[in-house]
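> One structure coming up, written as structure tokens, with questions to follow.
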């Protein structure tokens, strides 16, 4: 019986295992040193905040794996030997494979800061990170202040978590506006305001210089490039993540930032594949990055590789870019491409609307010449994925999108709607007279 070994039990590896089992009777083994069972990584913050218990974020009962004949091995992989087709564990155990899927995910970036390996210095990615938070920042008596280094989605999550326990937070962000390498200026400025309103000490244009140690090897303060010393008991390193591939350096597998793969998710070694955060496309797909550290792309890669391994070769085809997140209590969605000023394309024009009083805004990008709709960012407004995806596929114009905004609104009933205000601002800015269409269920569900 063909033996499929998967290194990593995150969303990519688990999706691959589940779909291989649906499609075949192959022997499946998942190896992971993080936890015995798969959990929803994006829900770790809610465990710390007291909304859920860790058991609640495991999508499958513990007996699911044995019932579905998926073997789980808790172990740390130290070496991949492709000539003998086996992996070696830190325990000196080895496991033979017929096909190997590398799905080892990411690890927090470290940039050689003095003191970065002290106790009380950590990222926010793994179950071990959650456990460490409970040790170093259980309350504001043990942790009188935390310093977070690096803006972005992980940093804002960690800030929200710590503030839920009334722990003071200083947020060091090297950019002059929050996440402005991704967000256009108007959105980034709104998030700056929102962070400050949540009593977080946001220090823009500020870099970490050093983490200082106490006599026990625990972080006691940080110094910044502005000459300030900030006393703290926890330092969160959230300046992005990098593929977790150190154990592959002498494996013969071609590496870049991640494990190099083609569209079939194949490495340069026969019968070895890589998926999820650790995989790096030889050629980026459209405007996507070669490494995509996003939950849903890991799931899609897992589904694609399962088809290939089970005899139906299937390339990774992620479709239109989309993502969603939460900046404290503001929901964020993005579809297509809306680039920041730093990365905006010469042909790209933006329409930006922001509510006068509430934390809600929309930015729509479109082609200057053809007026084709290119993408949309929303804050505080939920969009219906299928509608926006259809607009992008069909190459709809910006005017069509503006007129049919009600079709895309996915906010619950009785929520405040903003479409009339958005259309009025667009008409004023571009000297048009577009009328707002009524929501149509026929258009939404039947594209009529």
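Each reported figure results from applying straightforward, stated rules to the coordinates on display, with no laboratory input. Note that this is a predicted model, so its numbers are computed, not measured. Don't worry about glycine lacking a Cβ; one is built from the backbone with ideal geometry, like all the others, and counts go over all protein chains shown.
> Just how far, in whole angstrom, is region 319-333 from region 365-435 if you go by their alpha carbon centroids?
16 Å
> Any idea what Rg and Dmax come out to for region 121-239 if you just take the C-alpha atoms, in Å?
In order Rg, Dmax, the Cα atoms of region 121-239 give 13.7, 45 Å.
> While we're looking at this one, here's another question. Report the full-extension gain for the segment residue 421 to residue 325: residue separation times 0.36 nm, less the Cα-Cα distance, to one decimal in nm.
Working: separation 96, 0.36 × 96 = 34.56 nm, distance 2.43 nm.
Going from the current span to full extension adds 32.1 nm.
> Would you work out the relative contact order for region 121-239, in percent, from Cα pairs under 8 angstrom that are 6 or more residues apart? Before the final figure, lay out the partial values.
Numbers: 226 pairs, mean separation 39.8, N = 119.
Relative contact order, region 121-239: 33 percent.
> Also: Go ahead and run the numbers for FRET between residue 197 and residue 314, Cβ-Cβ distance against an R0 of 41 Å, rounding to 0.05.
Numbers: r = 46 Å, r/R0 = 1.13.
Using R0 = 41 Å, I get an efficiency of 0.30.
> Something else about it: For region 1-58, what relative contact order do you get, as a whole percent, if you take Cα pairs closer than 8 Å and at least 6 residues apart?
Once divided by the residue count of region 1-58, the mean separation gives 35 percent.
> Can you give the log10 of the normalised intensity I(q)/I(0) at q = 0.20 Å⁻¹, computed with Debye over equal Cα scatterers of region 322-446?
Values returned for q = 0.20 Å⁻¹ are -1.27.
> Using alpha carbon centroids, what distance separates region 133-171 and region 33-93, in Å?
So the separation of the two Cα centres works out to 26 Å.
> I would also like to ask the following. Taking just the C-alpha trace of region 177-216, give me its Rg and Dmax in Å.
Gyration radius and largest Cα-Cα distance of region 177-216: 14.1, 45 Å.
> Let me ask you something else. Using alpha-carbon pairs under 8 Å, 6+ residues apart, how would you state the relative contact order of the chain in percent? Walk me through the numbers on the way to the answer.
On the way: 926 pairs, mean separation 60.4, N = 448.
It comes to 13 percent, rounded to a whole number.
> Follow-up question, since we're still on this one. Where in region 64-82 is the amide nitrogen less than 12 Å from a point lying 7 Å along the Cα-to-Cβ axis of residue 94?
79-82
> For the chain, what is the percent of antiparallel DSSP beta bridges, rounded to the nearest 5?
That works out to approximately 55 percent antiparallel.
> Quick one: Debye curve from the C-alpha atoms of region 74-115, no solvent, what's log10 I(q)/I(0) at q = 0.35 Å⁻¹?
One equal scatterer on each Cα of region 74-115 leads to -1.27.
> Using Cβ contacts closer than 10 Å as the measure, can you line up 98, 277 from fewest to most?
98, 277
> Could you please rank 365, 94, 251, placing first whichever residue has the fewest other Cβ atoms within 10 Å of its Cβ?
So the ranking, lowest neighbour count to highest, is 94, 251, 365.
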